[in-house]
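Quick notes on the structure that follows.
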Amino acid sequence: MGTIWWPALLVGLTVWLLGDDSRQRLGGRRTTVSVPGWVTGRPGALPARGRVLAGLLVSCCLVLGLPGPIGWALAPPTGLAAAVGLGWLVPAARSRERAAVLAALPETLDLLAASLDAGAPLRAAVIDVGAVAPESTAATLRRVSAQVGVGLSDAEAWRGLLDDPAWGPVARDLARSSETGSAAARVLRQHAQDLRVAVRDAQLGRARAVGVRSVLPLMACFLPAFLLTGVVPVVAGLVKTLAVR
């Protein structure tokens with residue numbers, strides 16, 4: 001009986017997660033649940049609901065494949081490990097795409113700020129900058145413009161990017177600015193400056209990591225050579241001397 005209602009429960013929970021995505025709207029405001037960093041994973045990994053779905057499927061397979069107490073005991077920890085582990089696996093293509101967005105985003109934000117300072121409304125600035133910005137960021141601006149064109153408000157269109165690892169903080173401030181009417185140019189410039197600092201720090205970190213990772217290959221090359229040219233002749237000479245005596 002357990003093997004019947006357990007998969008049904010997993011399917012029901014999966015449908016609920018796909019429809020809810022762990023996000024609620026209360027009073028027209030989006031609220032999120034604060035979770036530890038090791039649970040959320042790395043930016044650019046599989047979305048949370050996809051990871052939870054994968055964990056549920058793994059648990060379901062264990063329960064069906066290992067009937068009895070063993071399957072029931074292994075299913076929860078294995079499913080949790082799969083869901084959390086997938087959050088730390090980022091495809092190389094997605095990592096390169098995110099790096100390209102982060103590299104082009106400061107310039108794009110400066111262009112948006114300049115357009116707003118010139119008196120253009122936000123939606124017009126998004127269209128103008130989307131035509132001249134680098135493709136890595138222009139695609140996002142065109143998507144926002146398309147959503148506004150089909151009837152969404154500026155705030156609603158920008159809220160669609162709140163989960164984006166690169167655009168998220170900018171989208172939050174632009175959505176707030178669209179609702180309150182506050183000036184966004186200065187905020188955009190501050191985001192651009194913060195991103196430049198973050199990109200520079202990341203580049204320095206990668207440069208330092210290269211030096212650390214190069215220690216082991218160098219040691220693997222030089223240590224045997226040192227032993228063969230420095231230690232082995234000395235030991236051989238001592239052994240020869242002792243043998244003669």
Can you find a residue in the stretch 180-197 that is more than 26 Å from the chain's Cα centre (by Cα) and more than 24 Å from residue 106 (Cβ to Cβ)?
yes
Note on residue 123: of the conditions (1) within 28 Å of residue 48 (Cα to Cα); (2) modelled with pLDDT of 90 or more, unmet is (1)
Does residue 93 meet the test of being at pLDDT 75 or above, in a helix (DSSP H, G or I) and surrounded by fewer than 18 Cβ atoms within 10 Å (Cβ to Cβ)?
no
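The values are calculated or read from the model by the stated rules, or taken from the named source; none is laboratory data. Keep in mind that what you see is a predicted model, and the values were worked out from it rather than measured. Because the Cβ atoms are built from the backbone with ideal geometry, glycine has one as well, and the counts that use them run over all protein chains shown.
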